[in-house]
Amino acid sequence: MARQSKKDGRPRALRGVLRGPGDMTLARLGARTRELARQQRRLQQVLPRDFAGEWQLARLDAEELALVANSPVWASQLRYRQTELLDAAQWQIGQRPRRCRITIEPPRLQRRGARPRHLRADSARLLEATANDCDNPKLAAALRRLASRGTSSGEDGE
């Protein structure tokens, strides 16, 4: 959550919080994130272009070069190029990381908004007719609820 500005009481932009002097933890986190992005761009230069966007740098220091691949296929490709990546890491930080760790984390799917559920008008009429002939009141009520999702007369939905 963004902090409120002392001047006007409005929330401050997150960008200002990450770079500002107020909370050093957030400022350090922002700086570390930018540093990892910069290091990843440099590592990407030793890989073919088709690797771009298929992996992410999680850690780069003397102890470990840690990469996260989008799939097992990309993880295998990164493992195959591990020596090149460790050489590039050594060039960046001045010493070769002791190990290279590659994990897999598939990209999170973006949820699409729920599609409205519509029935074609003829299906809604059929459900309504079935509800009228039904002896079970609970089933008839459920059929009428379903029929109410039908498109208005004259329209044919999906």
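Details
- Placed amide H near R59: partners under 5 Å, 5+ positions off or other chain: A66
- Rounded to 0.05, the FRET efficiency of the R28 and F51 pair, given R0 = 30 Å and the Cβ-Cβ distance, is 0.55.
- Highest mean first, the peptides 77-89, 136-148 sorted by other C-beta atoms within 10 Å per residue fall in the order 77-89, 136-148.
- Amide H to amide H distances under 5 Å link I102 with L67, where only residues 5 or more positions off or on other chains count and H is placed in the peptide plane.
- Note on Q90 and S71: the extension gain reaches 4.3 nm, defined as 0.36 nm multiplied by sequence separation minus the Cα-Cα distance.
Read-outs throughout are calculated quantities, based only on the coordinates presented, and are distinct from any laboratory measurement. Treat the numbers as computed from the prediction; the structure is a model and nothing was measured. Using ideal geometry, Cβ is built from the backbone for each residue, glycine included, and neighbour counts are taken over all protein chains shown.
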